[in-house]
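> Pasting a structure below so you can have a look.
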Amino acid sequence: MSQTIIEVDLKDLLAKIDNRLDRIEQKLEVLPRLETKLDGLERRVGRLEDSQNKQIWALVITVIGATVAAAVKFGWFPNA
């Protein structure tokens, strides 16, 4: 088996490692911004769910009111 010996200055090797660590650090700095965006989206979805819930109840009350109004108008309930 033949062995290959590569000589590299420790200074150059450490510089490469430092550069790679800097790039990794820059990528990790993106995470807090993503978390902030996710928190904002969660709040927006929560408000949307509340709004839809209110709209459903408004629709149910409207249908019940219209049904009662039609029943009274067409005489389905006897006048007392």
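> Under 25 °C and 0.890 mPa s, how fast does the chain diffuse according to Stokes-Einstein, given a Kirkwood radius computed over C-alpha pairs? Answer in µm²/s, whole number.
Translational D for this selection: 123 µm²/s.
> When only DSSP loop residues count, what chymotrypsin sites (Phe, Trp or Tyr not before Pro) in the chain have their Cβ near at most 14 other Cβ atoms within 10 Å?
Loop-located and lightly packed - 74, 76.
> Net charge within 14 Å of residue 32 by Cβ-Cβ distance, Lys/Arg positive one each and Asp/Glu negative one each, not counting residue 32 itself?
Residues near residue 32 contribute -1 overall.
> Counting only GluC sites (Glu not before Pro) that sit in a DSSP loop (anything but H, G, I, E, B) with at most 10 other Cβ atoms within 10 Å, what is the longest stretch of the chain containing none of them?
The segment 30-80 is the longest one with no such site.
> Same structure again: Take a quick pass over the chain and tell me how many lysine pairs come in under 29 angstrom between Cα atoms, counting only ones 8 or more apart or on separate chains.
Lysine pairs meeting the criterion: 5.
> Net charge within 14 Å of residue 49 by Cβ-Cβ distance, Lys/Arg positive one each and Asp/Glu negative one each, not counting residue 49 itself?
Once all neighbours under 14 Å are counted, the net charge is +2.
> In sequence order, what are the phi-derived ³J(HN,Hα) couplings for the stretch 23-38 according to the Karplus relation 6.51 cos²θ - 1.76 cosθ + 1.60 with θ = phi - 60°, rounded to whole Hz, with x for glycine and proline?
Using θ = phi - 60°, the values come out as 5, 5, 4, 5, 5, 6, 5, 6, 4, x, 5, 5, 5, 5, 5, 5 Hz.
> Here's a follow-up. For the residue pair residue 74 and residue 33, what label-to-label distance in nm results when each label sits 7 Å from Cα along the Cα-to-beta-carbon direction?
In this crude spin-label approximation the distance works out to 6.2 nm.
> Between residue 45 and residue 62, what is the spin-label point distance in nm, taking each point 7 Å from the Cα along the Cα→C-beta axis?
Reported label-point gap for residue 45 and residue 62 is 2.7 nm.
> Measure off, as a whole percent, the carbon and sulfur share of the 1.4 Å-probe accessible area of the chain, all protein chains present.
Carbon and sulfur atoms account for 61 percent of the accessible area of the chain.
> Still on this structure, I have one more. Determine ³J(HN,Hα), in whole Hz, for all residues of the stretch 65-74 in sequence, where each value follows from phi through the Karplus function 6.51 cos²θ - 1.76 cosθ + 1.60 and θ = phi - 60°; x replaces Gly and Pro.
The phi angles translate into x, 5, 5, 5, 4, 5, 5, 5, 5, 8 Hz.
> Counting helices only, and only those DSSP H runs with n ≥ 4, report the 222 nm mean residue ellipticity of the chain as the sum of -39,500 (n - 2.57) divided by its residues, in deg cm²/dmol to the nearest 500.
Working: 2 runs with 63 residues, N = 80.
Rounded to the nearest 500, it is -28500 deg cm²/dmol.
The values are calculated or read from the model by the stated rules, or taken from the named source; none is laboratory data. Since this is a predicted model, take the numbers as computed values, not measurements. No Cβ is skipped: glycine too gets one built from the backbone with ideal geometry, and neighbour counts run over all protein chains shown. For accessibility, only protein heavy atoms count, side chains too; no ligands or nucleic acids. Shrake-Rupley method; radii C 1.70, N 1.55, O 1.52, S 1.80 Å.
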